[in-house]
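Okay, structure first, notes after.
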Amino acid sequence: MKRTPILTLINWIAIFCLCLAGCTQQAKPVALTISANPSLKETLLEVSELYTQKKPNVTVTYNTGGATFLQEQIQQGAPVDIFITNNLKVIKTLQSQDLILANSPQPFIKNEIVLITPKNSTSISKFQDLTSDRVEKVAMGEPNNTPSGIYAKEVLTFFKIFAQVKKKAVFGEYSLQLVKDVAAGKADAGIVYRSDTRLSDKIKIVAVAPENSHSSFVYQVMVIKSSKNIPYAQDFIQFLSSEKALDKLQKAGYLRVDKN
């Protein structure tokens, strides 16, 4: 009976030490590097600010570029913790080389393909109008090498006008750059991601591509197997599914993914 208080005291000391160790570990500075498409960066910065309020010891850095370029960096051993892309070909390549953690990738958010014009334009209201003689230049991604171009080609093929519009194409690498080109008057119209349109008040959306006119536009998020911060990377990905994060993403023009 006399030993019970001593044992209890020892137990409490042990628990205290474990808690202290956990707190010390949590306070250790952690730097997460996320590779993603440039069009995602602005919104992800806002989301990561919410996350670092919850985890102040974590610093989130974004590395942006085309999906193929980011894939090559990962293959060469770049210190990347999380990769976000909608390029299925790149994802399959990384999977085949065992560079992604076992439970990755996971569906993240969706986007839409839209047709934009300068704000004061009145001659274009649908994709079919791009064949009009009044339309001289159409900003779109290169249809063989860029995700935005591949989607644009699929949409134009759906409407059976790809060959006609291609002759008018002003190619760009990123959807965000295409928005800037239309805003600057370098093109009469552009085929871009909805999420990028919020970054300019000099353009307007005149049409949304039907969902069945192009392949699935779902961003996938994954943990890179060589990450030295796997628990934190997984925790950040879990945070991306929180209401706070999804609200930010929706306000930026992205759509939730039905995971059922």
- Message: Residue pairs, Cβ under 8 Å, 6 or more apart or interchain, first in region 36-56 and under 20 Å from K180 (Cα atoms) and among the β-branched types (V, I, T), second part of a helix (DSSP H, G or I) and open to solvent by less than 10 Å² (accessible area, probe 1.4 Å). List them.
- Response: T43/S195; T43/L249
- Task: Report whether or not S216 is open to solvent by 60 Å² or more (accessible area, probe 1.4 Å) and closer than 27 Å to A78 by Cα.
- Result: no
- E72 passes all but one of (1) open to solvent by 40 Å² or more (accessible area, probe 1.4 Å); (2) at pLDDT 95 or above; (3) within 29 Å of K251 (Cα to Cα); which number fails? (3)
- Query: Are there any pairs with C-beta distances below 9 angstrom linking a residue in region 70-88 that is more than 9 Å from S35 (Cα to Cα) to a residue that is among the charged types (D, E, K, R) and part of a loop (DSSP other than H, G, I, E, B), with the two at least 6 apart or on different chains, and if so which?
  - Reply: P79/K228
- Does E211 qualify as being of a type outside the set (V, I, T) and in contact with a strand residue (DSSP E or B) (Cβ under 8 Å, 6 or more places away or on another chain)? no
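Within region 53-62, which residues are open to solvent by less than 40 Å² (accessible area, probe 1.4 Å) and of a type in the set (S, T, N, Q)? Outline the logic, then answer.
So in region 53-62, the residues open to solvent by less than 40 Å² (accessible area, probe 1.4 Å) come out as 57-58, 60, 62.
Within region 53-62, N57 is the sole residue that qualifies.
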- Query: Do we have any residue at all in region 140-161 that's in contact with a Leu (Cβ under 6 Å, 6 or more places away or on another chain) and open to solvent by less than 50 Å² (accessible area, probe 1.4 Å)?
  - Reply: no
- Task: Among the candidates V170, V192, V135, single out the residue that is over 18 Å from H214 (Cα atoms), open to solvent by less than 40 Å² (accessible area, probe 1.4 Å) and of a type in the set (A, V, I, L, M).
- Result: V135
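Restricted to region 83-127, and to residues that are more than 28 Å from E211 (Cα to Cα) and of a type outside the set (D, E), which residue is least open to solvent (accessible area, probe 1.4 Å)?
Step one: filter region 83-127 for residues more than 28 Å from E211 (Cα to Cα), giving 96-102.
Add one more test, that the residue is of a type outside the set (D, E), and what stays is 96-97, 99-102.
Working: S96: 93, Q97: 90, L99: 45, I100: 12, L101: 30, A102: 102 Å².
Only one residue tops the list, namely I100.
Quick one: is V223 within 20 Å of the chain's Cα centre (by Cα) and open to solvent by less than 50 Å² (accessible area, probe 1.4 Å)? Please lay out each step first, then the result.
Values: within 20 Å of the chain's Cα centre (by Cα): yes; open to solvent by less than 50 Å² (accessible area, probe 1.4 Å): yes.
Judged against the criteria, V223 is a match.
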- Which condition number in (1) open to solvent by less than 60 Å² (accessible area, probe 1.4 Å); (2) under 17 Å from S39 (Cα atoms); (3) out of contact with any strand residue (DSSP E or B) (no Cβ under 7 Å at 6 or more places or on another chain) is the one that L199 fails? (1)
- Since Q234 meets every condition but one in (1) modelled with pLDDT of 90 or more; (2) open to solvent by less than 20 Å² (accessible area, probe 1.4 Å); (3) closer than 27 Å to E49 by Cβ; (4) in contact with a strand residue (DSSP E or B) (Cβ under 8 Å, 6 or more places away or on another chain), which condition does it not meet? (2)
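The values are calculated or read from the model by the stated rules, or taken from the named source; none is laboratory data. Just so we're clear, the structure is a prediction, and the values are computed from it rather than from any experiment. Every residue, glycine among them, receives a Cβ derived from its backbone with ideal geometry; neighbour counts consider all protein chains shown. For accessibility, only protein heavy atoms count, side chains too; no ligands or nucleic acids. Shrake-Rupley method; radii C 1.70, N 1.55, O 1.52, S 1.80 Å.
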